[in-house]
Amino acid sequence: MRTLVLLRHAKAEHPESGSDFDRRLTTRGTEDAVAAGTWLNATQIHPDLVFCSPAVRTRETWAGVGQALGSPEVRFEQSLYDGGRTEVFDLLRAVPAEVQTVLLIGHNPTVSEVSLLLIPDSEWDGQQIALKTSGLAIHSTDAPWSETEPGSMHLTSRHTARA
């Protein structure tokens, strides 16, 4: 069984000046990121591999989440910041076969779109998926990562982490 955890970054500061890329988490965002890691640990979801956007707010989200999850391999992928769902599917199809659980930390609308696209048509209830900050969508499949495509993973759980 392979598990994919899609996580939207925690609450970030509003862009006052400076670049979107450099936005930091708010105090609440930092606390919520820790809560997300605590929830994953409590539900026995431990990633073998983390894909994370290199933006400051996603890095800070991982720093909070990671406190409860040990030391999996972490890859900062520029395509998770400036790419879209095509790039996410490309990343997932390239995951090594021995990896069982992937955590992907990114931005909306991409993470929500990918979550919705992964659900098989026969399981989709018409509800839109719009992950809030620190929102998690857990998907699973028996298929290899190389076969990741729209409709290929069950949505097993959703959670919004709050401190």
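Bear in mind that the values in this text are calculations on the coordinates, not laboratory data. Everything numeric here is computed off the predicted structure, so don't read it as measured data. So basically every Cβ, Gly included, is an ideal-geometry build from the backbone, and we count neighbours across all protein chains shown.
Can you compute the helix-only [θ] at 222 nm over the chain? Use -39500 (n - 2.57) per DSSP H run of at least 4 residues, normalise by all residues, nearest 500 deg cm²/dmol.
Numbers: 5 runs with 49 residues, N = 163.
The per-residue figure over the chain is -9000 deg cm²/dmol.
Mind putting together the pair-distance distribution for region 1-76? All Cα pairs, 5 Å bins, whole percent per bin, short to long.
Bin by bin from 0 Å, the calculated values are 3, 17, 26, 25, 15, 7, 4, 1, 0.
Evaluate the distance, in nm, between pseudo-label points positioned 7 Å from the Cα of D142 and of A94 along their respective Cα→Cβ axes.
2.9
In nm, give the distance between the simple-model label positions of A63 and S157, each being 7 Å from the Cα along the Cα-to-Cβ direction.
Result: 2.7 nm between the two label points.
What ranking, highest mean first, results for peptides 143-150, 35-42, 110-117 when packing means the other Cβ atoms within 10 Å averaged over each residue?
110-117, 35-42, 143-150
Report the label-to-label distance for T86 and F21 in nanometres (one decimal), using points 7 Å from each Cα along the Cα→Cβ vector.
2.2
In whole angstrom, how long is each semi-axis of the equivalent ellipsoid of the chain, when you take the square root of 5 times every eigenvalue of its Cα gyration tensor and sort them from largest down?
Values: eigenvalues 109, 56, 49 Å².
Three semi-axes, in Å: 23, 17, 16.
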